[in-house]
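Each reported figure results from applying straightforward, stated rules to the coordinates on display, with no laboratory input. Everything numeric here is computed off the predicted structure, so don't read it as measured data. As a convention, Cβ positions derive from the backbone with ideal geometry for all residues, glycine included, and neighbour counts pool all protein chains shown.
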Amino acid sequence: MKTQKGAALVVVLSLLTISLMVGLSSIQSSQIDERLAGNYRASANAQMAAEFAASQGYKLRDDLDELSLSYVDEHGFEWQYIDVEKLPKNVAGRYLRISKEALESIYGKVAGNGSSHYILAEGLVGPQSGEVVRTIVVGIPGAGGGLDAVFNCFGFGCNRNRVSAAEGALDGNDHPVSGNPFNCQGNSCRYDHDPKLDSVADYFGLVPGDGSYPEKRAAWEDAIGKLPPAVVTYDGKGNSNRMGSHGTRENPVVIEVTGSVRINGGTATAGIIIVREGGSIERANGTAHHEGLIIVEEGGRFNISNGTFNLYGAVLKLKPEGSHGHEDDFDLNVGGNASLNYSSEALSNLVGIFDIESFLGGGSPDNGMSWREI
């Protein structure tokens with residue numbers, strides 16, 4: 001009788017084992033796919049709920065009480081929930097209005113929509129709609145100090161009629177500065193605007209009694225008070241009556257003017273020129289240019305009635321809030337070949353020395369909502 005080797009049995013068992021492993025692998029793969037599909041569905045629903053809540057909160061922004069940092073620290077968040085009938089089962093959306101300070105104390109530096117005030121929205125999923133899956137923050141344009149024009153004026157008597165400038169001397173088109181020479185001469189200091197970028201007005205003014213005046217004025221005064229020390233102060237005495245070159249696009253600086261100062265020909269400055277009470281900039285000789293912001297405080301003057309000067313950025317003038325101390329001459333006098341041009345890029349370059357993000361993207365809240373997910 002021949003001995004049975006059992007080879008067929010081994011082969012059959014091996015094939016059965018392989019089939020079983022393939023089957024188990026297919027089951028596991030199906031379960032993973034099912035979980036992925038479920039997670040994707042939950043994520044999509046939460047995203048939809050968060051966007052729905054953000055939109056609802058933005059529409060009602062003027063009716064919402066804003067939560068300050070001190071209020072959040074003491075009471076926590078007080079959410080408004082959207083209508084659950086508009087969402088799938090086990091999905092919820094909620095929103096609130098919150099200050100920039102309170103928002104960043106919790107989520108870190110997430111601002112950057114050009115505002116000091118935000119709508120915070122969340123989308124939640126789960127059996128009790130208790131797991132936060134999506135969080136969206138929406139900046140409220142125009143709620144900060146606002147840089148709404150090339151020349152911005154806040155205070156008693158601010159009026160477009162008090163600006164003396166040749167046609168085209170104030171240009172609200174947005175002029176990029178990168179790709180253009182910083183230490184320039186002559187016509188090379190005249191940069192072209194980009195028609196694809198949004199423009200601003202040539203003038204914007206608010207007087208006490210206007211609805212948004214108190215907030216905007218306070219925002220500017222607070223930001224000015226937090227400026228870093230000036231790298232140089234021009235008091236108008238001796239050699240300190242002519243401004244030299246300071247700063248670069250990569251390293252903007254603060255320049256302080258406390259006396260009567262001229263800007264020398266060929267001067268290139270970048271950063272913030274702040275003209276204090278009693279200070280004045282009266283002319284720019286030859287070709288000079290500044291990239292950034294010029295701030296004129298109460299009692300200061302910025303009147304370029306002679307010479308050639310190119311600004312890329314914006315000008316802010318703070319005037320007295322009452323008739324006392326009100327000047328009788330122009331708020332701004334631009335003559336000669338001077339040109340004041342708006343540049344969002346030049347202003348954005350100030351981020352290292354100034355909270356510029358809170359002041360860009362001002363204007364009307366009806367310009368639309370700008371949001372980001374966090």
Discussion item. As a footprinting exposure proxy, order Leu69, Leu13, Leu311 by other Cβ within 10 Å, with the fewest listed first.
Written reply: Leu13, Leu69, Leu311
Worksheet entry | Gly300 long-range amide H proximity, modeled H, under 5 Å | Gly278
Response to the item:
Any residue on another chain or 5+ positions along whose placed amide H is under 5 Å from the amide H of Gly265 is listed here as Asn285
Response to the item:
Expected sort for Thr233, Thr287 with the fewest Cβ neighbours (10 Å cutoff) up front is Thr233, Thr287
Worksheet entry | Net dipole in debye of region 199-282 [+1 Lys, Arg Cβ; -1 Asp, Glu Cβ; about Cα centre; nearest 20] | 280
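Neighbouring Cβ atoms within 10 Å as the yardstick, rank Tyr342, Tyr213 fewest first.
The most exposed by this proxy come first: Tyr213, Tyr342.
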Worksheet item: If you find the alpha carbon centre of region 160-176 and of region 217-294, how far apart are they in angstrom?
Response: 20
Worksheet item: Using the Karplus equation 6.51 cos²θ - 1.76 cosθ + 1.60 (θ = phi - 60°), what ³J(HN,Hα) coupling, rounded to whole Hz, does each residue of region 194-208 give in order, writing x for Gly and Pro?
Response: 9, x, 7, 8, 5, 9, 10, 6, 7, 9, 9, x, 10, 10, x
Response to the item:
Under 5 Å from the placed amide H of Cys153, counting only residues 5+ away or on other chains, we find Phe204, Gly205, Leu206, Lys317
Practice prompt. Convert each backbone phi in region 148-158 into a coupling constant with the Karplus relation 6.51 cos²θ - 1.76 cosθ + 1.60 (shift: θ = phi - 60°), then list the ³J(HN,Hα) values in order as whole Hz, x for Gly and Pro.
Written response: 9, 6, 5, 10, 10, 10, 10, x, 5, x, 4
Discussion item. Output wanted: per-residue J couplings in Hz (rounded whole) for region 59-69, from phi through Karplus 6.51 cos²θ - 1.76 cosθ + 1.60, θ = phi - 60°, x for Gly and Pro.
Written reply: 5, 9, 3, 6, 9, 8, 6, 7, 8, 8, 4
Item to complete: Give the peptides 152-163, 54-65 in descending order of average Cβ contacts within 10 Å, highest first.
Response: 152-163, 54-65
